[in-house]
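Remarks on the structure that follows.
The values are calculated or read from the model by the stated rules, or taken from the named source; none is laboratory data. The shown structure was predicted, so the numbers you read here are calculated from the model rather than taken from an experiment. As a convention, Cβ positions derive from the backbone with ideal geometry for all residues, glycine included, and neighbour counts pool all protein chains shown.
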Amino acid sequence: MAQYQVPQFIEVEDKIFGPLTLKQFIYLAGAGGLALLCFTLLPLFLALPLAGLAGGIGAGFAFYKVNGRPLIVAAEHGFSYLLGNKLYLWKQREAQAPQVQKASAEPSVLTVPRLSQSRLKDLSWSLNIKDQNQPQEGNVRGDLQL
């Protein structure tokens, strides 16, 4: 049977542009292009802070990781949280006041049916007979003779 080599380190991206991956190169090239655009269209006192901000964001997207994941993923999650609907399940809803019923003049008394001694014996005897006629697995009462 032929043996094949199993690929390892599949989560590591290939280095295409020197020490940079394709994504890192695109982030840095985009930041560089935005900085060049700022320097050509804006005066120097506005271009420097904006180009620095663009370069910082591009470098952060290219190299910085938050909890082992790229910064672009954290930024995406942040924007989706900021713009998305929020459902707060922990907010307690106001409890409605229980409706109070007027108390009647006569308190209601629950009646409990009582079994006579002979009726109780008849029920017990009929249950014992049913258990002996139809033994079930794990039924302790079916195995015992009373």
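Within segment 2-30, take every residue that is among the hydroxyl-bearing types (S, T, Y) and outside any helix (DSSP H, G or I) and give me the one that is nearest to G60 (Cα to Cα). Don't jump to the end; show me each part of the working.
Going through segment 2-30, the residues among the hydroxyl-bearing types (S, T, Y) turn out to be 4, 21, 27.
With outside any helix (DSSP H, G or I) added as a condition, the list becomes 4, 21.
On the way: Y4: 39, T21: 14 Å.
Here the residue is T21.
Within segment 31-39, does at least one residue satisfy the condition of being over 19 Å from A62 (Cα atoms) and in contact (Cβ under 8 Å) with a residue 12 or more places away in the chain?
As a first pass, look at segment 31-39 and keep what is over 19 Å from A62 (Cα atoms): 37-39.
Retained after the next criterion (residues that are in contact (Cβ under 8 Å) with a residue 12 or more places away in the chain): 38-39.
Yes, the conditions are met somewhere in segment 31-39.
Test each condition in (1) in contact with a Leu (Cβ under 7 Å, 6 or more places away or on another chain); (2) under 21 Å from E11 (Cα atoms) for N67 and report the one that comes out false.
(1)
Considering only residues that are of a type in the set (V, I, T) and more than 35 Å from the chain's Cα centre (by Cα), look in segment 1-57 and name the one that is farthest from L71 (Cα to Cα).
Among those residues, the one meeting the criterion is T40.
A62 passes all but one of (1) touching a Lys or Arg at 6+ places or on another chain (Cβ under 8 Å); (2) surrounded by 13 or more Cβ atoms within 10 Å (Cβ to Cβ); (3) without any contact (Cβ under 8 Å) to a residue 24 or more places away in the chain; which number fails?
Only one criterion in (1) touching a Lys or Arg at 6+ places or on another chain (Cβ under 8 Å); (2) surrounded by 13 or more Cβ atoms within 10 Å (Cβ to Cβ); (3) without any contact (Cβ under 8 Å) to a residue 24 or more places away in the chain is unmet by A62, namely (3).
Quick grid of which residues meet (1) in contact with a helix residue (DSSP H, G or I) (Cβ under 8 Å, 6 or more places away or on another chain); (2) surrounded by 10 or more Cβ atoms within 10 Å (Cβ to Cβ); (3) modelled with pLDDT under 90:
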position	(1), (2), (3)
I72	yes, yes, no
N85	no, no, yes
V109	no, no, yes
R119	no, yes, yes
I129	no, yes, yes
